[in-house]
1. Measure nothing but the geometry: give the 0 to 90° angle between the long axis through the Cα atoms of 183-194 and the longest principal axis through the Cα atoms of the chain, rounded to 10°.
2. Taking 0.36 nm per intervening residue step and subtracting the Cα-Cα distance, what contour gain separates residue 398 from residue 355 on full extension?
3. Relative to the longest principal axis of the C-alpha atoms of the chain, give the angle of the C-alpha long axis of helix 85-101, reported between 0 and 90° and rounded to the nearest 10°.
4. Check cross-link reach from residue 93 to the lysines: straight Cα distance under 30 Å, and skip same-chain residues fewer than eight apart.
5. Between residue 319 and residue 341, what is the FRET efficiency for a Förster distance of 35 Å, r being their Cβ-Cβ separation, to the nearest 0.05?
6. May I ask for the distance between the Cα centers of the stretch 211-256 and the stretch 5-83, given as a whole number of Å?
7. Let's see if you can work this out: charge +1 on each Lys and Arg Cβ, -1 on each Asp and Glu Cβ, no other charges. What is the dipole magnitude of the chain about its Cα centre, in debye to the nearest 20?
8. Using a 1.4 Å probe on the protein chains only, how many percent of the accessible area of the chain belongs to carbon and sulfur?
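The values are calculated or read from the model by the stated rules, or taken from the named source; none is laboratory data. Note that the structure is predicted; figures quoted are calculated from it, not measured. Here the Cβ positions follow ideal geometry from the backbone for every residue, glycine too, while neighbour counts run over all protein chains shown. Note: areas computed on protein heavy atoms with side chains; ligands, DNA, RNA excluded. Shrake-Rupley method; radii C 1.70, N 1.55, O 1.52, S 1.80 Å.
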Amino acid sequence: MVIFGASGDLTKRKILPSLFNLFVSGGLMRENFFVTGVARTRFDDASYRLLAADAVRKAFPSASGADLEAFCEACHYIPGDYNDDGTYAALGKRLGELSLLHATQGNLIFNLATPPSLYGPVTGRLGANGLILKGDSTKPFHRIMVEKPFGTDLESARELNRTMLRWVEERQIFRIDHYLGKNTVQNIMVFRFANPIFGPVWNSGFVDHVQITVAEEIGVEGRAGYFESAGLVRDILQNHMLNLLGLVAMEKPASLDAEAIRDGKSAVLRSIRRFDPAGLDRQIVRGQYAAGGGEAGYRQEPGVAPDSCVETYFAARLFIDNKRWKGVPFYLRAGKRLGRKETSVTVVFKNAKDCVFRESGIGHPPNRLVFSIQPEQKVSLGFIVKIPGARMCLSGQNLEFSYNSLAAAPLTGDYERIILDCMMDDQTLFWRKDGIEESWRLLTPVVSRWQSCPVPEKQRMMHLYPAGSGGPAAADELIRRDGREWL
Ligand code: BG6
């Protein structure tokens with residue numbers, strides 16, 4: 001694996017530790033493997049190995065000395081500018097030697113952990129210098145992994161696709177969304193399609209609405225430079241949340257083939273009702289954290305403009321205009337610096353119109369199915385029981401399955417899973433060209449409107465919330481107008 005951006009934060013926090021984890025996880029990736037880091041910093045092999053060892057130790061403080069030494073031995077480094085052909089010439093020469101040394105038969109994965117503006121230029125230079133060969137050759141294979149954000153709007157995403165596809169085939173591009181590497185996210189599909197009892201109720205006849213939440217306690221964590229031009233809709237909704245929505249709402253795929261699954265998700269994205277830029281406030285609420293609970297507000301974070309109108313929170317109501325989901329609202333919300341970390345998908349079922357208890361005036365909460373993705377990984381189904389006693393009183397209880405109870409099966413980390421799938425040539429968990437463009441087609445009018453509207457209107461649309469709270473009141477209004485509550 002060649003990592004561009006080899007001394008950056010993503011490489012240190014995620015890529016190197018994940019590669020190490022695969023390296024020590026019995027048989028997944030031990031032999032015939034090497035890493036070549038490329039970046040501007042003037043490291044050599046020895047100093048890069050120190051960086052790698054440090055990154056791994058931070059993630060796995062108990063990593064054994066022998067394993068770490070063996071892993072670091074497989075790490076190499078080429079310093080150079082990404083826009084200089086000399087870098088690619090040196091890299092090509094080195095890769096030839098390392099392929100022989102590590103007996104990797106010329107198979108290469110290029111992992112672009114660089115700022116997004118470099119995805120196109122680096123791919124172009126890899127192609128022009130003959131390091132990556134177009135064609136889905138399996139012997140040797142050349143694949144390319146790119147992180148999000150893939151584009152910043154529809155046009156830039158299309159342009160990036162066009163640039164990359166000049167040099168490689170779609171089959172060689174692995175557009176990462178690390179959410180899809182999470183076990184509980186993959187479980188949504190298993191749950192829906194391996195348990196036939198849920199099939200008949202997975203539609204507007206039975207489902208009242210769906211809520212998807214991605215709440216984080218952290219703020220922008222030193223990423224103000226990126227965040228100031230991105231905002232949370234680009235950071236979380238365009239990728240992670242639309243992927244979650246796709247898995248919840250898609251039709252049953254014809255097979256487990258990567259194309260069939262990605263066809264299903266793209267079809268959902270195409271059916272989402274477009275936002276009307278005129279009445280945006282009623283469809284999507286923007287928020288930003290202010291100081292609270294001893295934490296600074298977003299505008300006080302280093303690198304953030306003191307009058308920044310970038311959203312660190314949003315709440316949206318979407319409709320999927322197809323037969324299955326006609327009239328069912330999907331409420332999506334995400335935010336930074338909220339009271340607690342929680343990622344979940346909740347399907348709220350309708351209460352039966354002819355329920356005998358309702359007729360006799362005994363109220364009860366609706367059935368709910370909750371996929372908890374973080375911090376706990378569990379599935380729970382809310383149902384109704386009678387409270388012991390002479391009177392007929394009902395209460396909601398949960399049937400619960402927690403992944404912790406499957407102690408025998410270690411949970412593979414999301415990045416490990418993604419790297420492994422790329423090595424095994426399985427694109428199921430990666431965005432396809434049409435999906436990514438469809439996601440931007442939906443959201444570009446929203447982000448463009450927010451960016452281009454006059455400052456007073458920007459300020460009017462921005463709802464501040466105290467750090468550590470549950471988000472802005474306007475988000476509660478959004479769902480309350482429909483007679484519902486956030487769960
Ligand atoms: C990243 C976003 O894609 O996902 C971050 O850029 C966010 O802003 C992170 O914090 C959340 O990932 P996870 O796996 O911690 O939920």
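1. That helix lies at roughly 60 degrees to the long axis.
2. Values: separation 43, 0.36 × 43 = 15.48 nm, distance 1.99 nm.
Contour length minus Cα-Cα distance gives 13.5 nm.
3. Once rounded, the angle reads 90 degrees.
4. The reachable lysines, counting only those whose Cα sits under 30 Å from residue 93, are 12, 14, 134, 139, 148.
5. Details: r = 28 Å, r/R0 = 0.81.
According to the calculation, E is roughly 0.80.
6. Result: 28 Å between the Cα centres.
7. On the way: 60 positive and 55 negative charges, 253 e Å.
Computed about the Cα centre, the dipole is about 1220 debye.
8. Numbers: 11570 of 21130 Å².
It is 55 percent, rounded to a whole number.
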